[in-house]
Amino acid sequence: MTEQELAGMIWNIKEIIRGVYDDTEVENVILPFTLLRRLDCVLQDKYDELFAKYKEFPEDKKDSHLKIMMMKNNLTFFNTSGLSLNKLLAQPGLLADNFKEYLDGFTPNVRNILLAFTQEDGENGDISRIYSRLDRNNLLFQVIESFVNNADLHPDIVDNAMMGTVFEIIIRRSKETTNTKAGQFYTPRDVVRLLVGLVLKGKEEDIYGVGRHFQIYDPCCGTGGMLTEAKRYIQSLTTQKRIFLFGQELNEKTYAICKSDLLIKGDLDTDRNIALGDTLANDQFAGQRFNYMLANPPFGVDWKKIESTIREEAEQAGSRFSVGLPSTSDGSLLFLLHMISKMDESGSRIGIVLNGSPLFNGGAGSGWSEIRKKLIDDDLLDAIVALPKNLFYGTDISTYLWILDNNKPASHRGKVLMVDATHPRYARLLQKSLGKKRYEIPEASSGEIIDIYGNYVDAVLPDNEEIKNARLMEGDDFLYTLVTICRPLRLVYKDIASTAVKVAEGTKKKADKEYLQEIAKLEWPDKILTDEEVFAVIRKHSKRKPTQTIVKLIRSLGETYPEAPEVFIIPGDKASGFVADPALTDTETIPMKENIDEYIAREVLPFVPDAWRDSSKDKVGCEFPLTRLFYRYTPLRSSEEILADLMSLEADTTNSLRSLISENR
């Protein structure tokens, strides 16, 4: 029996509970019962013998002796009830009570998984929820019987690899059936394979090295697909490696599925390897470092609920988030910063799935930009791959794979490879859409993309050399300086006496009101005055020496006029410099590789000769304009060509009408 056939047989048990459980709830029965059936089959051969030994252990030493017995028999779990699903069928009248005793008899690592299956939105779980509704509707016996009779999951028949595949298929079917947040917890396998291949590309020597072991970590591990796929990929290259999987997941049920999957495959080395909780607010692996890290953080999910915790940590120098924070509407880059903090000094690779926002959101000086700038300054970013659309179950937005490496080979240092894999050659249309997933990446296309990354040079499409699909850039290509361009304030003053009276009437500050009233009483020429002329009158007739506060107050009486003389910071003192007009202040985005003064002389001064740069406001920014790098101009059609098409359509319409008329005669 193939994996697909076995998974289909197990999944079809859902027909027994149809009507009692809706489509979104079926997994609450099928998944935990599949786990229980597998655990029974693993224990089956030696269970009676081991249980007899367990009963003989002294009461005060049962737990310690049980751990020793499990280690000797290469078991990571046990059941101390003496029961199994098969034995439960022998006493139908006591089924519910015996089933509870059976569940309670599992070692804590299994009970924690079962409990997590019954938790939702942080509430306390109740292990009885696994069977109570089945019992109330007289379906518990039928479900157990169906699993016992139809699902022989003994290791001699279904090895760990096959069992893992079967469980993955069941998980996928449960998500595809409902499409309820499937994209949030379940990353399509074609995307996972590509990401894993990219992360491990170029690391073949490490993988083949004698005596090496690897730690793979996913901070938002969902159902564990990325972890298991990464382990499978390494094991396909060599069987001599020890591979340890680590992950953290926020959603209780998804956490249970992940741990079940790893336990079934024999990949759960310790119960602590997969943790439950919010990675950003409560890191369960604080201080640990990992060789490889993979993640598909939820797209566009805000972090307002944990904002105070995140900001408090960001204020600590050298913390995970001290470099900067993105907007609270999207926390995906927080996961990236978290992963960077766990890179090992000897070398780590990161692969993360992100939407388009982290590429360019936020201007120079913003948290978004500062995070991107850190990737370039520290030479961490190795590649970004743009994926075809409609690959995910829950979203059809553009997605990108970012690859980070803190121990780049010499040929990669100071460089970033941008890959455009959005071309139709890299996607294959599915026969049936799965939620919003309409396409998949075939293995051949995945291999081609991985090879493009491995070559690490500019590339073009094999069937069209005019279209580039990879560009090797230098880190500085993504940096720019946001320069503030100022122009002088130019003021004129009309009827300054009456203007001063009006402004004084609306002024609350007593000192300002009195000074404006004093200004209104001065002898003013009956003409439009410049800034210099106004302050000449004040110096001549007023006893007060104009301070900067008074200067600002007086200038509030004027109005801008483009033909007026420039206004100086110190009235009448050209050496003090011009006052900038806020309404005319602008910014220029200047590539880091370009000389700023030369740029201003070429692009600014010919159009506004009185402009100058305020260098004190310069800000260095960073963005990854991947779409712009691969933009291809398509010339507009000529008016003659468009007109010819319209005439042709008109002729076709006329002929069709004539045919209809002739047929009706």
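The values are calculated or read from the model by the stated rules, or taken from the named source; none is laboratory data. Here the structure is a predicted model, which is why all the values come from computation and not from measurement. When we count neighbours, we look across all protein chains shown, and the Cβ atoms used for this are built from the backbone with ideal geometry, even at glycine. Side chains included, ligands, DNA and RNA excluded: accessible areas come from the protein's heavy atoms. Shrake-Rupley method; radii C 1.70, N 1.55, O 1.52, S 1.80 Å.
Within the stretch 101-115, is there a residue that is over 44 Å from the mean Cα position of the chain (by Cα) and of a type outside the set (S, T, Y)? No, because not a single residue in the stretch 101-115 is over 44 Å from the mean Cα position of the chain (by Cα) and of a type outside the set (S, T, Y). Elements of the type helices (runs of 4 or more DSSP H) sitting completely within the stretch 552-665 and holding at least 3 residues that are over 38 Å from the mean Cα position of the chain (by Cα): these cover 596-603, 639-664. Take the conditions (1) part of a helix (DSSP H, G or I); (2) without any contact (Cβ under 8 Å) to a residue 40 or more places away in the chain; (3) surrounded by fewer than 18 Cβ atoms within 10 Å (Cβ to Cβ); Y102 misses just one of them, which is (3). Of the residues making up the stretch 362-374, one or more are under 17 Å from the mean Cα position of the chain (by Cα), polar (S, T, N, Q) and more than 27 Å from G435 (Cβ to Cβ).
Apart from one condition, T118 fits all of (1) of a type in the set (S, T, N, Q); (2) open to solvent by less than 20 Å² (accessible area, probe 1.4 Å); (3) over 13 Å from P32 (Cα atoms); the exception is (3).
Given the structure, is I449 within 24 Å of the chain's Cα centre (by Cα) and at pLDDT 90 or above? In short, yes.
Conditions tested, residue by residue: (1) at pLDDT 90 or above; (2) polar (S, T, N, Q); (3) open to solvent by 100 Å² or more (accessible area, probe 1.4 Å).
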position	(1), (2), (3)
S615	yes, yes, no
V620	yes, no, no
E623	yes, no, no
Y631	no, no, yes
R637	no, no, yes
I642	yes, no, no
S659	no, yes, no
S662	no, yes, no
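Say we look at the stretch 376-410 and pick out the residues that are in a strand (DSSP E or B) and charged (D, E, K, R); which of these is farthest from R289 (Cα to Cα)? That would be D382. In a residue-by-residue description of the stretch 504-515, the property of being open to solvent by 70 Å² or more (accessible area, probe 1.4 Å), more than 30 Å from D476 (Cα to Cα), hydrophobic (A, V, I, L, M, F, W, C) and modelled with pLDDT of 90 or more applies to no position.
Listed here are the residues, each with its yes/no results for (1) modelled with pLDDT of 90 or more; (2) within 21 Å of L250 (Cα to Cα).
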{"position": "R133", "(1), (2)": "yes, no"}
{"position": "V158", "(1), (2)": "no, no"}
{"position": "M162", "(1), (2)": "no, no"}
{"position": "E168", "(1), (2)": "no, yes"}
{"position": "Q184", "(1), (2)": "no, yes"}
{"position": "P188", "(1), (2)": "no, yes"}
{"position": "L198", "(1), (2)": "yes, no"}
{"position": "G209", "(1), (2)": "no, no"}
{"position": "D218", "(1), (2)": "yes, yes"}
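A search for C-beta distances below 7 Å between a residue of the stretch 642-665 that is in contact (Cβ under 8 Å) with a residue 12 or more places away in the chain and any residue that is not in a helix (DSSP H, G or I), counting only pairs 6+ apart in sequence or on different chains, returns nothing.
For first residues located in the stretch 293-306 and more than 13 Å from S357 (Cα to Cα) and in contact (Cβ under 8 Å) with a residue 60 or more places away in the chain, partners that are open to solvent by less than 50 Å² (accessible area, probe 1.4 Å) and assigned to a strand (DSSP E or B) and lie 6+ apart or on another chain with Cβ distances below 6 Å form the pairs M293/Y217; M293/I350; L294/D218; L294/G351; A295/D218; A295/I352; N296/V353. Scanning the stretch 441-472 for residues that are of a type outside the set (G, A, S), open to solvent by 20 Å² or more (accessible area, probe 1.4 Å) and assigned to a strand (DSSP E or B) yields V460, N464, E465, E466, I467, K468, R471, L472. Considering only residues of the stretch 128-139 that are more than 41 Å from the chain's Cα centre (by Cα) and either of a type in the set (V, I, T) or not in a loop (DSSP other than H, G, I, E, B) (or both), which is surrounded by the most Cβ atoms within 10 Å (Cβ to Cβ)? Per the stated criteria, the residue is D135. Just checking, does the stretch 463-482 include any residue being at pLDDT 90 or above, over 30 Å from I600 (Cβ atoms) and in contact with a helix residue (DSSP H, G or I) (Cβ under 8 Å, 6 or more places away or on another chain)? Yes, the stretch 463-482 contains a residue that is at pLDDT 90 or above, over 30 Å from I600 (Cβ atoms) and in contact with a helix residue (DSSP H, G or I) (Cβ under 8 Å, 6 or more places away or on another chain).
With respect to V483, determine if the residue is under 30 Å from A580 (Cα atoms), of a type in the set (V, I, T) and either open to solvent by 60 Å² or more (accessible area, probe 1.4 Å) or out of contact with any Gly (no Cβ under 7 Å at 6 or more places or on another chain) (or both). So V483 passes the test.
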